[in-house]
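Everything below concerns the one structure shown next.
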Amino acid sequence: QPLKLFGTPEQKKKYLTRCAAGAISAFALTEPHVGSDPASLSTTAEREGDYYVLNGEKLWCTGGTIAELLVVMARNPKTKKISAFVVETSWPGVKVEYRCRFMGLKALANGVISFKDVRVPKENLIGQEGSGLKVALITLNTGRLTLPAICSGIAKHCLEVCRGWTGSRIQWGVPLWKHEAISHRLADMAATTFAMDSVSRLASQMADRGGYDIRLEAAAAKEWNTVRAWEMIDQTLQIRGGRGYETELSLQGRGETPIAVERIMRDCRINLIFEGSSEVMHLFMAREAVDKHLQVAGAMIDANNGFKEKAAALPKILSFYAKWYPPLWLRGLRTPFAYRDFGPLARHLRFVERSARKLARESFHGMAVYQAKMERKQGFLFRTVDIVMELFAMTAVISRARHMTDGRAPDAGSAVELANLFCQSSRRRVIRLFRDLWSNDDASKNAAAANVIAGRHAWLEEGRLNLGLTPESFQTKFLTQVRATEAAREPKVASAKP
Ligand SMILES: Cc1cc2nc3c(=O)[nH]c(=O)nc-3n(C[C@H](O)[C@H](O)[C@H](O)COP(=O)(O)OP(=O)(O)OC[C@H]3O[C@@H](n4cnc5c(N)ncnc54)[C@H](O)[C@@H]3O)c2cc1C
């Protein structure tokens, strides 16, 4: 993907043909000290004539233990700029140090890769020198779309398992689905599966069609679908009861069908962490949302600016908001009967429209209240992002149901029913999130968290099994350094001989 997007014709010819012929490639960004914040990575790429010399260590490189080709992000120690390089694993100095093992994804060929004086021809620089993070982040945009699709598949599997199981398992004289607590979950699962599928299709079709900046849609689809998939598998495990917790092999061993639930739960948990963790996805979307305000009113909220600078910025700010703000209230007057051609779903679309304008106003109010501190107000920002994602999901289900209706699809009636149920539930979540923007426990939680870190509540940990954890236990480490230290400590057997 990085080469497809940023490679030269020569690079594409040389390497994409190898990928097409089956060469496995891997993406090496993460390091022991650097995960969500790759800007501070430490692998170095020093220019020496026609080569860059790479030194460092990468962690959790998926496919890395079997890859022929790597895309490696490294920093020029002089300019501090980060660049991306194509590195062949057969080159001297590239070494797979360790194969990592995880809670799920047992077949993942993932490892620690070290680079010791690896000479990379200058032709293997991807894009411009210094554009490494851009290459990494833009690559992840489209790469992220695979996860919503996988999650949609997980949801479909969960629905199938729960439909089959709750329809046939009799407890207290009736099938499970007849107990209201279970039937409500089944209904939510069906509506959510339709929404996940619609979100994934919408974002992917936008990417395929091209011409859109799909950064936000890809992030929303990744974040919304991965969290929903995790909730779905949790519900499925609960509904399957003990059989949900039992492994496939064990089920099979005692004569029952080996239906995978616990394995899928283990496999899908990582989706909330890699390709941009849930928190990072929220931050990414929140930054985009407030970006325009920062551009326009940045001078006003900048704590470093004095009265003079702020006063100078005021006319521009006022003229922008005089045009931007009132329509966010007034435009609603024009649309009480809009979208009538969407039939029973029109009212939901009107809600989406109203809420989008309300969200713009609330974000502006947040900026006005918190000013420069807004960046740190993750409670506020993350709720606005949760609202955005709900509105996006509602839009996706409504447009899909409409598309199916227009195309006279045989399941159009079912789609409208599910879209309606999904939107009803989603609207409740949006209303709650709007309320929580200004009525919440954020300040109390900030204080309590600081107290936890300061040790005020450490007495609560008394009585647990003491594993002897110390601050040192939480240090992240480079494997190559750990091994070097261990080797230095080992007695030199050969030299000890007489
Ligand atoms: C199975 C697996 C496969 C992987 N494959 C690859 C790969 O192929 N290539 C590659 O380069 N990397 C890969 N990774 C690394 C993965 O991308 C990182 O795990 C991920 O970026 C998170 O980094 P971290 O684990 O260091 O967590 P940290 O960055 O230490 O974060 C810990 C927690 O804090 C949260 N957090 C961090 N910053 C903030 C913030 N500003 N605000 C709020 N919360 C925050 C995070 O969301 C997370 O919940 C893989 C990891 C795993 C486990």
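Computed quantities for the displayed model
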item: Protection proxy ranking, peptides 207-214, 63-70, 224-231, average beta carbon neighbours within 10 Å, highest first; result: 224-231, 63-70, 207-214
item: Student exercise, segment 144-276 dipole from Lys, Arg, Asp, Glu Cβ charges, in Debye to nearest 20; result: 200 debye
item: Order by protection proxy (mean Cβ within 10 Å, highest first), peptides 405-418, 301-314, 387-400; result: 387-400, 405-418, 301-314
item: Dipole of segment 144-276 [Lys/Arg +1, Asp/Glu -1 at C-beta], most positive-end residue of Val261, Gly276, Leu147; result: Val261
item: Segments 456-462, 127-133 sorted - mean Cβ within 10 Å per residue, highest first; result: 127-133, 456-462
item: Nearest-20 debye value, segment 270-373 charge dipole, Cβ charges on Lys, Arg, Asp, Glu; result: 640 debye
item: Residues listed by number, segment 398-413, amide nitrogen under 16 Å from Ser425 label point at 7 Å toward C-beta; result: 398
item: Global geometry of the chain, whether rounded, prolate or oblate, following the gyration tensor of its Cα atoms and the 1.5 cut on a/c; result: oblate
item: Distant-in-sequence amide H partners of Gly63 (H built 1.01 Å from N, under 5 Å); result: Ala109, Asn110, Gly111
item: FRET efficiency, Lys122 to Glu231 (Cβ-Cβ, R0 30 Å, nearest 0.05); result: 0.05
item: Rounded to the nearest 20 debye, dipole of segment 284-442 from Cβ charges on Lys, Arg, Asp, Glu; result: 500 debye
item: Heavy-atom surface of the chain, accessible at 1.4 Å and reported per residue (Å²); result: 56 Å²
item: Filter on Lys134/Lys156; Lys80/Lys373; Lys12/Lys134; Lys134/Lys222 - keep pairs with C-alpha separation over 23 Å; result: Lys134/Lys156; Lys80/Lys373
item: Accessible-area composition of the chain, carbon plus sulfur, in percent [1.4 Å probe]; result: 57 percent
item: Segment 354-392 versus segment 236-255: alpha-carbon centroid distance in Å; result: 43 Å
item: Taking segment 144-276 and dividing mean pair separation by its residue count, relative contact order in percent (alpha carbons under 8 Å, at least six apart); result: 29 percent
item: Stretch gain in nm, segment Glu288-Gln252, where the contour uses 0.36 nm per residue and the Cα spacing is subtracted; result: 8.0 nm
item: Top positive-direction residue, dipole computed over segment 1-99 with Cβ charges, set Leu16, Phe27, Ala67; result: Leu16
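The values are calculated or read from the model by the stated rules, or taken from the named source; none is laboratory data. Because the structure is a prediction, the values reported are computed rather than measured. Neighbour counts run over all protein chains shown; Cβ positions are idealised from the backbone, glycine included. Only protein heavy atoms, including side chains, enter the accessible area calculation; ligands, DNA and RNA are left aside. Shrake-Rupley method; radii C 1.70, N 1.55, O 1.52, S 1.80 Å.
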